[in-house]
Amino acid sequence: MPQVFHRSANTFSKVSIFGALFALAAVVYGLALINRSSYVTWAGVAREQPVPFSHRHHAGELGIDCRYCHTTVERVASAGVPPTATCMNCHSQIWRMSPTLEPVRASYRDGTSIPWVRVHDLPDFVYFNHSIHVHKGIGCQSCHGRIDEMNLVWQESSLQMEWCLDCHRNPERHVRPRKEIFNMAWKADDQAVLGPALMREYEIERRVDCNVCHR
Amino acid sequence: MSGRASTIVVGRGRLRAPVVVWVLALVVLGVGCRQDMHDQPKYQPLEASAFFADGRASRPVVPGTVARGQLREDSRLYAGRDSAGSFVEEVPFSVTRAVLDRGHERYDIYCSPCHDRVGNGNGMIVQRGFKRPPSLHEERLRDTPDGYFFQVVTEGFGAMKGYAAQVPPRDRWAIVAYIRALQLSQHAVLAEWPLETRAELARGASASAPVRRGPAHD
């Protein structure tokens, strides 16, 4: 019987078996990339808000401390979003007639809520707590990025488990002095020296047990 | 269970490839679509609610409710007034270094946007058009009792709204204590200084001028 395939087909078949491995690896790699991309995590996507509230303006240029609005961040799990009354502390006088601020004034008049669009949202099976992070010397900026330079807030980090664990395994890379927590521009002179020293001072543990976050 | 399933896959020896592919695809893709554990039927702080008429999951406190440990009986501590209704002269607990530091921090967060860090009333928001508050170093304000400041912070004053919702009572007192320190920093009377410090100052330049050194600058 004459040969159907040329001899070179042997090589082809071997190469294609070999190649299939790579193709498979590429698919897996691709999926991993997609999983970490902002398409899945929403990282880096600024969200439209009912009022174009700008952190750049308020926290950056005007220099208002985060805690003026996010009053509970040092005490409880949730940092909280300020009630309309907080805006009116200033906007009862500043930009009183601005149409941009009409939803704020309407909310104040009627006692209704401003429907802010949530930017960060962990799945409900994850437990997160701001106060412990603030007390153990993790700055807002380490997780949220330069909020004071954002007009509309976006999520800086992936918020995936991998990201949490990366810090929980090596907190010394991120820890800072407590008085610099709310300073967005802070940079360590030498984190390699400062980190381990603060780890000891604040008695930070490496918390990687599943039940720390899944409880 | 497996009996029925296998007949779907291989029907009388003929392989129904499209069906297999679709079932597999549904199984694989369907897995990622279940969000039940991500969005559990429970409320998180400030979440929206379809159940309550006002659309909020966080419920307002029923009027007249007193939360455990929140019965604010002590009018000196919670209203800045004694039982006769007049302002208390001094912060109703002992002012330690820790209280002053706390007051310093809280003042810078909640008051400095308008009153500025020294209390002159030229904060950032004032520079952007807010009514200019009086300087905290005015004689009138230096002579008022501590309880008055507490009340202004709690209930507001004229164009300034109250800060009771943002600052808990003890922090409000800490702020009052710090304002006293600020006032002192701008109007220290030499005769009231401890002797050693006075000697130290005398060695420096003119000691008669008001001492302009204070916690606001460090």
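Projected label points at residue A:14 and residue A:122, each 7 Å from Cα along the beta carbon direction, are separated by 5.3 nanometres.
Taking all protein chains together, A:22, B:52, A:12 sort by accessible area into A:12, A:22, B:52, largest first [probe 1.4 Å].
Near residue B:74, once Lys and Arg are set to +1 and Asp and Glu to -1 for all other residues with Cβ below 13 Å from its Cβ, the sum equals +2.
Remark: accessible surface ordering of A:156, A:180 (largest first) is A:156, A:180, probe radius 1.4 Å. For the segment A:111-121, counting C-beta atoms of other chains within 10 Å of every residue's C-beta and taking the mean gives 2. The contact residues of region B:46-68, meaning those that lose at least 20 Å² of 1.4 Å-probe accessible area when all protein chains sit together rather than their chain alone, are B:46, B:56. Under a GNM of chain A (C-alpha, springs under 10 Å), which listed residue has the highest mean-square fluctuation: A:51, A:28, A:119? Between A:51, A:28, A:119, it is A:28 that shows the largest mean-square fluctuation. Extending 7 Å from the Cα toward the beta-carbon at both residue A:5 and residue B:127 defines two label points whose distance is 7.8 nm. The calculated FRET efficiency for the pair residue B:138 and residue A:106, based on their C-beta separation and a Förster distance of 41 Å, comes to about 0.60. Near residue B:123: Cβ cut-off under 12 Å, other residues only, Lys/Arg at +1 and Asp/Glu at -1. The net charge is +2. A simple count of charges around residue B:159, restricted to other residues whose Cβ falls under 12 Å of its Cβ and scoring Lys, Arg +1 and Asp, Glu -1, yields +4. Extension gain, residue B:203 to residue B:82: 0.36 nm times the residue separation minus the Cα-Cα distance gives 39.1 nm. The accessible surface of the protein assembly as shown, taken with every protein chain in place and a 1.4 Å probe, is 60 percent carbon and sulfur.
Summed over the residues of chain A and divided among them, the accessible surface reaches 64 Å² per residue at a probe radius of 1.4 Å. The string of couplings for region A:199-210 from the Karplus curve (6.51, -1.76, 1.60, θ = phi - 60°) is 3, 6, 4, 8, 6, 7, 9, 8, 9, 10, 5, 4 Hz, one whole number per residue in order, with x for Gly and Pro. Within region B:114-157, the residues that become at least 50 Å² less accessible when every protein chain is included than when their own chain is isolated (1.4 Å probe; DNA, RNA and ligands ignored) are B:125, B:128, B:130.
Take region B:29-153 with all the other protein chains still there, run a 1.4 Å probe, and you get 65 Å² of accessible area per residue. The alpha-carbon atoms of chain A, seen along their principal axes, cover 96, 49, 36 angstrom, with the largest extent given first. Using the average count of surrounding beta-carbon atoms within 10 Å as a protection proxy, the listed peptides B:141-152, B:109-120 rank, highest first, as B:109-120, B:141-152. Convex hull volume of the Cα atoms of the protein assembly as shown, normalised per residue: 278 Å³.
Remark: accessible area buried at the A-B interface is about 2400 Å², both chains counted, probe radius 1.4 Å.
Simple point charges give the picture: +1 on the Cβ of Lys and Arg, -1 on the Cβ of Asp and Glu, and for the protein assembly as shown a dipole about the Cα centre of about 1600 debye. Shielding of peptide A:145-157 by partners, expressed as the average count of other chain Cβ atoms within 10 Å per residue Cβ, is 0. For region A:59-74, backbone nitrogen atoms closer than 16 Å to the point 7 Å from residue A:146 Cα along Cα-to-C-beta are found at A:59-63.
Database remark: amide H of residue A:78 closer than 5 angstrom to the amide H of A:130 (H placed geometrically; neighbours at sequence offset of 5 or more, or on other chains; Pro and chain starts carry no H). Of the residues A:141, A:191, A:155, the one that moves most in a GNM of chain A with alpha-carbon contacts below 10 Å is A:191.
Legend: residues B:160, A:97, A:150, sorted from most to least accessible area (1.4 Å probe; ligands, DNA and RNA excluded), read A:97, B:160, A:150.
Each residue of region B:108-116 was assigned a 3J(HN,Hα) from its phi angle through the Karplus curve 6.51 cos²θ - 1.76 cosθ + 1.60 (θ = phi - 60°); the sequence is 4, 6, 9, 10, 4, x, 10, 7, 6 Hz, with glycine and proline shown as x.
The values are calculated or read from the model by the stated rules, or taken from the named source; none is laboratory data. Quick caveat: nothing in here was measured; it's all calculated off a predicted structure. Every residue, glycine among them, receives a Cβ derived from its backbone with ideal geometry; neighbour counts consider all protein chains shown. In case anyone asks, the SASA skips ligands and DNA or RNA and just uses the protein heavy atoms, side chains included. Shrake-Rupley method; radii C 1.70, N 1.55, O 1.52, S 1.80 Å.
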